[in-house]
Amino acid sequence: MVKTHGANVSPDEVEEVIRNTCNVVEAAVFGVPDETLGAMVVAVIVRAPGSDMTEASLQAALKAELSSFKVPRRVFFYGFDELPRTPSNKVRKPALAEIIAARLKAEAKVEA
């Protein structure tokens with residue numbers, strides 16, 4: 001569970017909606033620490049070949065299916081082989097969350 005703004009978000013639920021609504025190869029949803037929200041819901045997506053999906057288009061599609069607090073505030077796109085994986089080829093979400101948290105921190109420094 002991701003606790004954001006006092007509400008619980010099931011990553012599995014959001015991932016299922018992404019897989020059923022959007023043209024993706026893989027989706028990983030998790031929380032990263034956020035000073036304001038407690039945790040920010042983020043999604044890492046592996047686009048299907050030929051997909052031109054953007055962060056905004058994915059968020060718009062999810063807003064039609066999910067409560068607003070469940071829609072990932074940030075969406076990142078990676079290639080299949082760029083994601084940390086277990087020997088059984090599952091995404092290692094804790095390792096991926098660290099990568100994304102570092103990326104968000106670097107973006108915040110650039111904006112400041």
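Inside segment 90-106, can you point out the residues that are of a type in the set (A, V, I, L, M, F, W, C) and not in a strand (DSSP E or B)?
Matches in segment 90-106: A95, L96, A97, I99, I100, A101, A102, L104, A106.
In this structure, is K109 open to solvent by 50 Å² or more (accessible area, probe 1.4 Å) and either outside any helix (DSSP H, G or I) or within 23 Å of V9 (Cα to Cα) (or both)?
no
Only one of V42, V75, V24 is in contact with an Asp or Glu (Cβ under 9 Å, 6 or more places away or on another chain) and aliphatic (A, V, I, L, M); which?
Testing whether each residue is in contact with an Asp or Glu (Cβ under 9 Å, 6 or more places away or on another chain) and aliphatic (A, V, I, L, M) leaves just V75.
Condition test on R85, is it under 21 Å from E107 (Cβ atoms), modelled with pLDDT of 95 or more and not aromatic (F, W, Y)?
No.
With at pLDDT 95 or above and part of a loop (DSSP other than H, G, I, E, B) as the only criterion, which of L66, L58, L62 stands out?
Just one listed residue meets the conditions, L66.
Could you tell me which residue of segment 1-56 is farthest from T86 (Cα to Cα), considering only residues that are of a type in the set (D, E) and surrounded by fewer than 16 Cβ atoms within 10 Å (Cβ to Cβ)?
The selected residue is E35.
Can you tell me which residues in segment 78-98 are over 15 Å from D34 (Cα atoms), open to solvent by 50 Å² or more (accessible area, probe 1.4 Å) and not hydroxyl-bearing (S, T, Y)?
F80, D81, E82, P87, N89, K90, R92, K93, P94
The values are calculated or read from the model by the stated rules, or taken from the named source; none is laboratory data. Worth saying up front: this structure is predicted, and the values here are computed from it rather than measured. Here the Cβ is made from the backbone with ideal geometry for all residues, glycine too, and neighbour counts use every protein chain on show. Areas reflect the complete protein model, heavy atoms only, side chains present, ligands, DNA and RNA absent. Shrake-Rupley method; radii C 1.70, N 1.55, O 1.52, S 1.80 Å.
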